[in-house]
Amino acid sequence: MTNEEARRIDRIINDLVVAINTDISPIIQPNRPEGGYFGVPRTVLCYVDVIGLLYSGWSGKKKKNGDKDDFATPKKAKIFIKEILSQVDELYEKHGDLLYDMYRHGTVHLHSPKKMASRTEPSKTIEWLLYKGDREHWEYYENRSVKFRHLKVIEWEKDRFMLPVSIVILYEDLLEAIDLYRKLIYRDKSGKLAKNLLTVADGLDQHFDFTTHKFWE
């Protein structure tokens, strides 16, 4: 890695961290009981889409219709969750797919997180549960005082499960994971992680060169 490449990588990651903080800080309101419950996971996990792309890289190929081939995908986001976020908290490896499918797809496409059913046992369901607080946190919920653990699935009642997520911890974990990712880039003797990031950055710079829309045709 050249000095210029290192400076560019730092600039890209620093800009990303600034953007994340600027987007999330106004809505998270950690000292207030209301606010940010859908906005924070939506924003965090959409940023994971981008970071997953930087981490896994891009083939550099284009599709016939001008779109990028294999650019930002849920698969790459989940790889970042399982390989990097799991170093912050091992439960990201165990429940990373569930976190993404419930809290990213739901908040983006359906306003609120998804409630999901088991494929093999449809009577079993898992619901979202968002809170503000520490990784382990006592909460009064549905007339019960219960200790939640961020990303630890709990069986609330027969065949009814929940995946608790602290929006504060989710935000903090993302920032820690990005810091770990930056360090990994510099420790990676193969140079693959640096190449992945820079190839994607070049692809993003060229985005409007090969993206079309009928409005301009």
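Within region 113-127, the only residue that satisfies the criterion of being under 22 Å from the mean Cα position of the chain (by Cα), of a type in the set (Lys, Arg) and either closer than 15 Å to Glu157 by Cβ or not in a loop (DSSP other than H, G, I, E, B) (or both) is Lys115. Here Phe148 meets the list (1) surrounded by 20 or more Cβ atoms within 10 Å (Cβ to Cβ); (2) under 19 Å from the mean Cα position of the chain (by Cα) almost entirely, failing just condition (2). If you go through region 45-53 one residue at a time, do you hit one that is under 19 Å from Ala194 (Cβ atoms), modelled with pLDDT of 90 or more and of a type in the set (Phe, Trp, Tyr)? For region 45-53, residues under 19 Å from Ala194 (Cβ atoms), modelled with pLDDT of 90 or more and of a type in the set (Phe, Trp, Tyr): absent.
Conditions (1) part of a strand (DSSP E or B); (2) not β-branched (Val, Ile, Thr), marked per residue:
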{"position": "Leu129", "(1), (2)": "yes, yes"}
{"position": "Gly133", "(1), (2)": "no, yes"}
{"position": "Val146", "(1), (2)": "yes, no"}
{"position": "Leu151", "(1), (2)": "no, yes"}
{"position": "Ile169", "(1), (2)": "no, no"}
{"position": "Asp173", "(1), (2)": "no, yes"}
{"position": "Ala177", "(1), (2)": "no, yes"}
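Scan region 121-133 and give yes if some residue there is small (Gly, Ala, Ser), at pLDDT below 95 and in contact with a strand residue (DSSP E or B) (Cβ under 6 Å, 6 or more places away or on another chain), otherwise no. Yes - at least one qualifying residue is present in region 121-133. Among the residues making up region 1-18, those that are free of Cβ contacts under 8 Å to residues at least 60 places away in the same chain and of a type in the set (Lys, Arg) are Arg7, Arg11.
The values are calculated or read from the model by the stated rules, or taken from the named source; none is laboratory data. Just so we're clear, the structure is a prediction, and the values are computed from it rather than from any experiment. All Cβ positions, glycine included, derive from the backbone under ideal geometry; neighbour counts span all protein chains shown.
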